[in-house]
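Working notes, beginning with the structure itself.
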Amino acid sequence: MMMNRYLSDFERNKILSNPDVKQRILMINGDKKDSKLELTKEQQKQVAVNFSKMFSGLVVINWCRGLKLGMAKQKALEQMSAYVKSKTNPEHPMNKYLHALDNQYRREVSEEIMKSEYSEEMLPVNADWVKKWEKLATDDFNISMQQMNQMHKEFMPQKTPEKQFGAKSFEEAKDKAYQKMLLILQQQIQGDYQRAA
């Protein structure tokens, strides 16, 4: 059985909807990159601050609930990765940055857990301040997550092509590239035909 060498429409659209691919198609045709497909430095900073607060809040919550500090950090890494993996839209400009942050935290915090002399530390079970600290961390986490989700909602690409980030210029660039490809193929076919005659 011969394997189909061509991509399905679903696979093709998935590739072409990737913001990095869109930027490269615009570059192929000499068009300017679409700034709406990327976060500004200030927006990246806001995402990073909220990501850090969410992670720290989860570490404190997990630690207050009886885990050793190293395990609390490891569980927080897993919880943050689950949050990031729930953001699946490849066209969303925030998702690429969230995945990069998640990977960075996983590398750095995992190394920190292995090297830290405090990884085996536990909090006292019946201390009154532990419950208060957990409540404070929970409140901080919820506020940071709400802010992150609000930002994510604001940057969500629209469903209609006219309103989609860079859709018009991307479609024009894609059409130009397709027309160039057809012209080249026609020239090659004509050359082959003339040589055969």
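Ordered from largest to smallest accessible area (heavy atoms of protein chains, 1.4 Å probe), the residues ASP102, ASP128 come out as ASP128, ASP102. When all alpha carbon pairs of segment 80-135 are counted in 10 Å bins from zero, the resulting P(r) reads 19, 27, 30, 20, 3 %.
Checking every one of the chymotrypsin sites (Phe, Trp or Tyr not before Pro) in segment 47-119 against DSSP loop status and a limit of 11 other Cβ atoms within 10 Å picks out TYR118.
Ranking of THR138, THR88, THR40 by solvent-accessible surface, largest first: THR88, THR40, THR138 (1.4 Å probe, protein heavy atoms only, all chains present).
You can think of it this way: the chain between GLN150 and LYS41 has 37.5 nm of extra reach, that is 0.36 nm per residue less the Cα-Cα gap.
For the residues ILE61, ILE143, a 1.4 Å probe over the protein chains yields an accessible-area ranking, largest first, of ILE143, ILE61. In this view, the solvent-accessible surface of LEU67, computed with a 1.4 Å probe and all protein chains in place, comes to about 60 Å². Applying 0.36 nm per residue to the separation of ALA127 and ALA48 and subtracting their alpha-carbon distance, the gain on full extension is 25.2 nm. Once the C-beta distance of THR138 and MET71 is scaled by a Förster radius of 22 Å, the resulting FRET efficiency is 0.75 to the nearest 0.05.
The values are calculated or read from the model by the stated rules, or taken from the named source; none is laboratory data. Here the structure is a predicted model, which is why all the values come from computation and not from measurement. Ideal geometry is used to build each Cβ from the backbone, glycine not excepted, and the neighbour counts take in all protein chains shown. Keep in mind that these areas ignore ligands, DNA and RNA; they rest on the heavy atoms of the full protein, side chains included. Shrake-Rupley method; radii C 1.70, N 1.55, O 1.52, S 1.80 Å.
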